[in-house]
Amino acid sequence: MKQQYKSYEEGCAFLEACVEKYPDLISIESIGTTWEGRPIMLATISRHVAYAKLKPALLYTGTAHAREWIGHELAIEFIDHILSNYNNNPEILETLSQNTLYIVPCLNPDGFEYSRKHFSFWRKNRRDNGDGTFGVDLNRNFEIGYRKSTNTSSNVYGGPHPFSEPETLAIKNFVDEHENITIALDYHSQGNVFFPAHKFNHESEIEGTDMNTLCANMNYHIHKVTGRHYGINRGKPPTKLISGSGREYYYSKGIIAIVVEVGTRNIPDYMQNMSESVNENIPALLYALGESKNYGKTAPKRVDNFQIDEFSKNDCRLIWEYEENQNIYFEIYRNLNNKKACNQSSLIGITCNKHFVDENLESGTMYFYYIRAVDKLSKIRSAFAPKVKLKTLLGEYEFSRTIFPHAGDVGYVAEKSPEANHGHFGVNSLKVGVSQGRGTSYGVINFDLRGIPKDAIILEAKISLYPLNRVSAKIEKYGEWSLSIIDQASVSNIRDFDQIHNAKHIKTLGTSIPSEKLTQGIWSHWDCNDFEKKMLQKELKTGKMILKLAGPTKLPRGRDSQIMVFDLGYGNEGGGLHYRPAIDIKYTMPSTKVAVELSNSMTIAPDEIVEESMACGFNKDDEKIYAYMSFDLSSLPNPDEVVIKDAWIQVENTSTVKKKVDIRYNVEFVDLEEFSYQDIKDRDRIEFIGYEVSSAELGTKREHNFIFDHYSRLALEERQRKGEEAKFIIRPTSVLSRDHVINWGHEGKTAAKLMVKYIKRRKLPLPSPINVKTTVENKLIKVSWDKVEDDDLRGYYVIRNRWHTPKNPFDGVKLYAGLDNYTFDNFGSTSMDKYFAVFTYDGVPNYSQPTVVSYKAK
Ligand SMILES: [Zn+2]
């Protein structure tokens with residue numbers, strides 16, 4: 001298979017041929033000479049290449065690690081693609097008109113040739129370390145976070161000092177001299193994952209949204225070609241920082257810098273896998289090249305203070321700040337999940353205003369919003385403002401819970417380590433799939449459901465797992481991972497491999513996720529369908545649900561591992577990030593039905609008012625006769641603690657009209673103090689209740705239900721809250737009619753009733769916390785507040801946001817949820833300004849308005 005790949009020499013010859021054929025589009029230069037005397041070739045590609053430096057540029061570097069051949073191969077194929085299609089593809093023409101590509105197909109020519117000809121698995125360059133060992137890991141030899149070591153035989157030996165190597169020095173000098181570089185992509189293998197740059201802390205960076213979105217948009221193009229989803233993983237600071245990497249050096253120069261790990265093996269079967277990897281990355285690279293201009297000097301400036309102004313269960317108003325500029329409009333994007341593309345597929349608004357209202361949202365649902373400013377003439381876009389996260393309010397009958405498993409209830413069991421399986425719970429990440437060492441390995445998650453009432457009615461359920469690492473999933477497009485509810489009766493010990501292996505499956509949730517779509521660094525979600533929700537509802541009775549996560553169980557010949565690692569948030573493998581498995585459940589409760597007896601009834605005719613009677617129709621002079629009824633609402637529960645789900649007036653007609661006449665009757669909610677005929681005629685109607693009933697219908701059935709709509713239910717609650725009666729009239733209508741009167745039941749069994757169905761649920765949030773303060777203790781920021789005294793308080797919710805005031809409890813990094821009146825900003829930096837927001841919440845939960853404090857670093 002090795003002969004499929006081009007040698008370094010062939011790559012250089014290719015570049016020279018390109019210069020000959022397309023002299024106006026490409027120029028080449030050697031930016032340095034390796035220890036073994038090879039030139040380090042860099043190509044510059046742009047329309048009118050002599051002026052390349054005047055345009056914003058993307059820097060491509062490949063094969064800094066000798067064995068990661070994809071970088072060199074992809075570079076050559078990409079150059080070939082853009083040069084040979086330049087004349088017939090307007091997208092390429094436009095991209096090269098506005099942007100420049102600097103491309104180093106192979107940053108480590110000596111190591112690459114050594115890997116090709118002698119030792120496939122070689123990683124470093126070929127420096128003679130003088131002690132019998134060779135090579136420096138070029139991606140540990142840059143200066144940011146450089147770590148000195150004398151372990152020269154190590155695969156990650158960083159060299160005697162930063163930039164000690166001709167390869168790293170060459171690219172450093174080039175980057176330092178080319179301030180037009182705005183994006184740097186460093187191609188490695190393997191993992192099918194993007195690793196954007198980060199700084200040495202746990203705080204979000206202003207470019208964080210840009211980097212994640214650039215990856216997500218590249219992912220969109222990759223997916224179009226092969227259906228593959230790459231992971232997007234911003235690394236695991238601060239414990240597992242990559243020291244001295246090129247990416248962090250570029251980022252320190254203000255460049256958007258990303259490592260792209262391609263494929264699942266360093267040197268795969270070319271025809272089967274490498275050609276796919278190359279093909280899927282070409283449109284993604286072309287897209288990224290076109291983004292260079294949006295980060296250059298002529299790009300509009302980033303939007304400031306993009307944030308939520310207000311939100312409800314179905315809509316949200318976003319606001320932002322920007323200097324007055326007639327030449328700018330704004331693009332707003334919305335996604336349902338994090339790290340999804342911001343392009344035409346998610347563009348929901350274009351406006352010149354500094355506000356935007358998004359309507360028709362789902363209740364209790366998470367949304368992610370993004371914004372860019374766009375120059376009307378050049379169409380050059382700004383960088384992204386930091387994203388805004390929103391969870392809409394719950395619907396009026398809805399409750400929600402996010403349940404995490406207890407530490408001891410989540411882990412994995414492997415076939416070949418029966419004694420060790422006990423120790424795989426609560427500490428290690430979930431390792432699921434098959435390997436030669438472990439045999440088959442299953443994840444097990446036991447969710448404690450006792451926080452949800454046994455008789456709850458599940459409306460929505462979503463299970464989320466965080467794929468942390470796919471380095472041990474080494475086989476391209478092989479196997480799928482599925483989640484199943486297992487029968488609790490068939491398992492007495494969740495730490496026993498045989499029991500889990502043989503457990504009876506009740507239901508596999510949704511569809512399985514194939515290996516190429518399990519994306520490291522992006523949550524995987526399983527949404528339950530109606531049948532699965534019923535299964536879950538059954539499990540509520542037992543108070544728990546056991547899930548088994550299974551991957552492939554067999555390996556193809558010659559392969560040693562197909563294991564996916566999921567974070568469980570308790571171990572140290574997450575490096576301080578805690579992406580715990582979770583189940584999000586939205587539910588409602590069965591309602592209670594009560595009947596409110598009639599308190600007063602009257603018949604109101606032009607000439608008389610008759611109490612204890614309910615007649616309605618037309619007198620001989622064709623004047624209307626109204627029936628009146630009222631209900632005392634004091635027997636209903638406190639309206640602040642319940643939600644009326646359904647209400648209707650149940651009336652029976654005790655007489656019918658003999659002749660065929662077209663009279664219709666409807667019920668009105670009214671506001672009446674006096675009861676003269678004139679008062680009724682001049683009445684204020686509040687709402688019509690339900691639809692009208694016709695004379696004909698009175699003959700076919702006796703009982704009639706006039707059903708309240710949403711506004712009528714609110715009016716009913718309003719009466720109740722004010723301690724007033726609810727008053728109604730039955731009103732007749734007819735085109736031509738006289739002398740027809742109907743009697744309605746007003747006493748005994750047939751008496752009219754107000755029927756109400758309600759569920760117990762707090763409507764309004766608790767008060768916001770007061771006296772929120774920040775102090776610094778033991779090098780950590782401590783956030784404290786005064787306790788709110790209320791029996792309905794379930795806890796305080798604390799988040800932080802570096803960029804804007806968070807109005808929504810999900811618009812930031814969660815620090816705490818619980819009943820203490822303080823928390824620490826663990827992992828956070830004390831030397832950066834940021835906002836902390838503290839909310840109270842009840843059992844629904846309704847979140848209060850936040851109390852926000854702005855922390856200013858000293
Ligand atoms: Zn690498």
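When you scan segment 783-858 for strands (runs of 3 or more DSSP E) that lie fully inside it, which ones turn up with 2 or more residues that are over 28 Å from residue 318 (Cβ atoms) and open to solvent by 10 Å² or more (accessible area, probe 1.4 Å)?
Answer list for segment 783-858: 822-824.
How many residues, within segment 429-454, are open to solvent by 40 Å² or more (accessible area, probe 1.4 Å) and within 21 Å of residue 582 (Cα to Cα)?
Final tally of qualifying residues: 4.
Taking segment 250-286 on its own, how many of its residues are of a type in the set (Val, Ile, Thr), outside any strand (DSSP E or B) and more than 16 Å from the ligand (Cβ to nearest atom)?
Looking only at that region, the number is 3.
Being aromatic (Phe, Trp, Tyr) and in contact with a helix residue (DSSP H, G or I) (Cβ under 7 Å, 6 or more places away or on another chain), is that true of even one residue in segment 263-277?
Yes, there is a match, as at least one residue in segment 263-277 is aromatic (Phe, Trp, Tyr) and in contact with a helix residue (DSSP H, G or I) (Cβ under 7 Å, 6 or more places away or on another chain).
Find the residue count for segment 384-403, including only residues that are open to solvent by less than 10 Å² (accessible area, probe 1.4 Å) and part of a loop (DSSP other than H, G, I, E, B).
4
Condition test on residue 222, is it surrounded by 20 or more Cβ atoms within 10 Å (Cβ to Cβ), at negative phi, at pLDDT 95 or above and of a type in the set (Val, Ile, Thr)?
Answer is yes for this residue.
Against the condition in a loop (DSSP other than H, G, I, E, B), away from the ligand (no atom under 16 Å from the Cβ) and open to solvent by 50 Å² or more (accessible area, probe 1.4 Å), how does residue 24 come out, does it pass?
Against the criterion (in a loop (DSSP other than H, G, I, E, B), away from the ligand (no atom under 16 Å from the Cβ) and open to solvent by 50 Å² or more (accessible area, probe 1.4 Å)), residue 24 qualifies.
Considering segment 4-16 alone, what residues qualify as being touching a residue at least 24 places away in the same chain (Cβ under 8 Å) and either open to solvent by 60 Å² or more (accessible area, probe 1.4 Å) or not in a loop (DSSP other than H, G, I, E, B) (or both)?
Of everything in segment 4-16, those that are touching a residue at least 24 places away in the same chain (Cβ under 8 Å) and either open to solvent by 60 Å² or more (accessible area, probe 1.4 Å) or not in a loop (DSSP other than H, G, I, E, B) (or both) turn out to be 4, 8, 11, 12, 14, 15.
Could you tell me which of the residues 340, 297 is in contact with a helix residue (DSSP H, G or I) (Cβ under 6 Å, 6 or more places away or on another chain), in a loop (DSSP other than H, G, I, E, B) and either under 30 Å from residue 100 (Cβ atoms) or free of Cβ contacts under 8 Å to residues at least 24 places away in the same chain (or both)?
340
Could you figure out which of (1) within 18 Å of residue 742 (Cβ to Cβ); (2) exposed (fewer than 15 other Cβ atoms within 10 Å of the Cβ) isn't true of residue 718?
Unmet condition: (1).
Quick check on segment 404-421: of everything there that is hydrophobic (A, V, I, L, M, F, W, C) and touching a residue at least 40 places away in the same chain (Cβ under 8 Å), which residue is most open to solvent (accessible area, probe 1.4 Å)?
That would be 404.
What is the residue count in segment 455-478 for residues that are open to solvent by less than 30 Å² (accessible area, probe 1.4 Å), part of a loop (DSSP other than H, G, I, E, B) and over 23 Å from residue 539 (Cα atoms)?
Qualifying residue count, segment 455-478: 3.
Working only within segment 483-515, note down all residues that are buried (at least 19 other Cβ atoms within 10 Å of the Cβ) and over 20 Å from residue 448 (Cβ atoms).
Once the filter is applied, which keeps residues that are buried (at least 19 other Cβ atoms within 10 Å of the Cβ) and over 20 Å from residue 448 (Cβ atoms), segment 483-515 yields 497, 513, 515.
Among the residues of segment 17-27, are any within 23 Å of residue 255 (Cα to Cα), out of contact with any strand residue (DSSP E or B) (no Cβ under 7 Å at 6 or more places or on another chain) and either touching a residue at least 12 places away in the same chain (Cβ under 8 Å) or not polar (S, T, N, Q) (or both)?
Looking through segment 17-27, none of the residues is within 23 Å of residue 255 (Cα to Cα), out of contact with any strand residue (DSSP E or B) (no Cβ under 7 Å at 6 or more places or on another chain) and either touching a residue at least 12 places away in the same chain (Cβ under 8 Å) or not polar (S, T, N, Q) (or both).
Out of segment 300-337, which residues are assigned to a strand (DSSP E or B) and hydroxyl-bearing (Ser, Thr, Tyr)?
Scanning segment 300-337 gives 329, 333.
What's the number of the only condition in (1) more than 16 Å from the ligand (Cβ to nearest atom); (2) among the aromatic types (Phe, Trp, Tyr); (3) at pLDDT 90 or above that residue 200 fails to meet?
In the conditions (1) more than 16 Å from the ligand (Cβ to nearest atom); (2) among the aromatic types (Phe, Trp, Tyr); (3) at pLDDT 90 or above, residue 200 misses (3) alone.
I'd like the residue in segment 135-149 that is away from the ligand (no atom under 16 Å from the Cβ) and in contact with a Pro (Cβ under 9 Å, 6 or more places away or on another chain) and, out of all such residues, is nearest to residue 200 (Cα to Cα).
144
Any idea how many residues of segment 153-197 are within 15 Å of the ligand (Cβ to nearest atom), of a type in the set (D, E, K, R) and either at pLDDT below 95 or closer than 16 Å to residue 251 by Cα (or both)?
Total satisfying the criteria: 1.
Residue by residue, here is whether (1) open to solvent by 20 Å² or more (accessible area, probe 1.4 Å); (2) touching a residue at least 24 places away in the same chain (Cβ under 8 Å); (3) part of a strand (DSSP E or B); (4) over 18 Å from residue 257 (Cα atoms) holds:
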position	(1), (2), (3), (4)
136	no, yes, no, yes
142	no, yes, no, no
147	yes, yes, no, yes
167	no, yes, no, yes
172	yes, yes, no, no
182	no, yes, yes, no
187	no, yes, yes, no
195	yes, yes, yes, no
200	yes, yes, no, no
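So, in segment 650-692, of the ones that are open to solvent by less than 40 Å² (accessible area, probe 1.4 Å) and assigned to a helix (DSSP H, G or I), which residue ends up nearest to residue 716 (Cα to Cα)?
Going through the qualifying residues, I end up with 680.
Is at least one residue of segment 749-761 among the aromatic types (Phe, Trp, Tyr), touching a Lys or Arg at 6+ places or on another chain (Cβ under 7 Å) and closer than 24 Å to residue 646 by Cβ?
Yes, there is a match, as at least one residue in segment 749-761 is among the aromatic types (Phe, Trp, Tyr), touching a Lys or Arg at 6+ places or on another chain (Cβ under 7 Å) and closer than 24 Å to residue 646 by Cβ.
The values are calculated or read from the model by the stated rules, or taken from the named source; none is laboratory data. This structure is a prediction, so every number in the text was calculated from the model and none was measured. No Cβ is skipped: glycine too gets one built from the backbone with ideal geometry, and neighbour counts run over all protein chains shown. We work out accessible area using only protein heavy atoms, side chains counted, and drop any ligands, DNA or RNA first. Shrake-Rupley method; radii C 1.70, N 1.55, O 1.52, S 1.80 Å.
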